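For reference, the structure discussed in these notes is given below.
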Amino acid sequence: MAEHQVPSKTLWQATAAALLVGLVVLVTLVWPAEYGLDPTGAGKALGLTALAPASSTANAQPDDNAANAEAALAGQPMTVQLVVPANSGLEYKMSMVAGAQVDYQWDAGSRVYVDMHGEPKGDSTGYFKSYTVAKADSMKGSFIAPFAGSHGWYFENDSWEPVEITLQFSGEYSHPRML
């Protein structure tokens with residue numbers, strides 16, 4: 001019968017040392033480079049936090065160039081091309097302060113359902129106020145935001161073909177985006 005041997009003290013020490021080294025490497029090198037987490041400060045000192053993807057950095061500072069480009073764009077007349085897939089919908093929104101005005105015009109070339117609405121900033125109840133609900137192929141007008149928040153359009157295409165919408169707007173807004 002084979003004799004069962006108990007691992008030696010040296011093997012246990014080597015295992016503990018390997019675990020300790022692995023933990024140190026994880027905290028000082030991997031976390032800063034991969035996730036932007038730097039509890040020891042070693043990642044910053046070694047320049048590893050710069051390697052972390054921007055979306056994962058816990059203490060990321062805003063990119064000044066991106067902020068300047070967004071500020072220059074905010075409020076400027078814009079034209080966007082939206083493609084609403086068949087039997088689907090999409091939203092296009094912008095941030096506005098209470099009393100701000102936006103002039104708009106959109107053309108879809110075929111009838112779509114549109115709900116032009118706003119959602120108050122900071123509201124978590126799901127409340128929204130519709131300004132226009134209709135089925136139309138185009139629309140032109142202006143609106144004044146009754147409250148600070150996100151305002152824009154929900155377009156729904158109930159046809160079997162994609163619909164391309166040309167949306168033009170100008171006025172007092174920031175952060176235009178498709179949702």
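The values are calculated or read from the model by the stated rules, or taken from the named source; none is laboratory data. Here the structure is a predicted model, which means the values were calculated and not measured. Using ideal geometry, Cβ is built from the backbone for each residue, glycine included, and neighbour counts are taken over all protein chains shown. Side chains included, ligands, DNA and RNA excluded: accessible areas come from the protein's heavy atoms. Shrake-Rupley method; radii C 1.70, N 1.55, O 1.52, S 1.80 Å.
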Output the residues belonging to the range 125-179 that are assigned to a strand (DSSP E or B) and acidic (Asp, Glu).
Asp137, Glu156, Glu164
List pairs: first in the range 99-118 and within 22 Å of Gly149 (Cβ to Cβ) and in a strand (DSSP E or B), second open to solvent by 70 Å² or more (accessible area, probe 1.4 Å) and of a type in the set (Val, Ile, Thr), Cβ under 6 Å, 6+ apart or cross-chain?
Gln101/Ile144; Asp115/Val133
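Check Glu34, Glu70, Glu91 and return the single one that is in contact with a strand residue (DSSP E or B) (Cβ under 9 Å, 6 or more places away or on another chain) and modelled with pLDDT under 75.
Numbers: Glu34 fails: in contact with a strand residue (DSSP E or B) (Cβ under 9 Å, 6 or more places away or on another chain); Glu91 fails: modelled with pLDDT under 75.
Testing whether each residue is in contact with a strand residue (DSSP E or B) (Cβ under 9 Å, 6 or more places away or on another chain) and modelled with pLDDT under 75 leaves just Glu70.
In the range 146-179, how many residues are of a type outside the set (S, T, N, Q) and free of Cβ contacts under 8 Å to residues at least 60 places away in the same chain? Explain how you work it out, then say what you get.
From the range 146-179, those of a type outside the set (S, T, N, Q) are 146-149, 151-156, 158, 160-165, 167, 169, 171-173, 175-179; that's our starting set.
Cutting the leftovers down to free of Cβ contacts under 8 Å to residues at least 60 places away in the same chain gives us 146-149, 151.
The number of residues fulfilling the criteria is 5.
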In this structure, is Ala136 among the small types (Gly, Ala, Ser) and crowded, with 19+ Cβ neighbours inside 10 Å?
no
What do you reckon, is Gln76 over 11 Å from His151 (Cα atoms), open to solvent by 40 Å² or more (accessible area, probe 1.4 Å) and within 23 Å of the chain's Cα centre (by Cα)?
yes
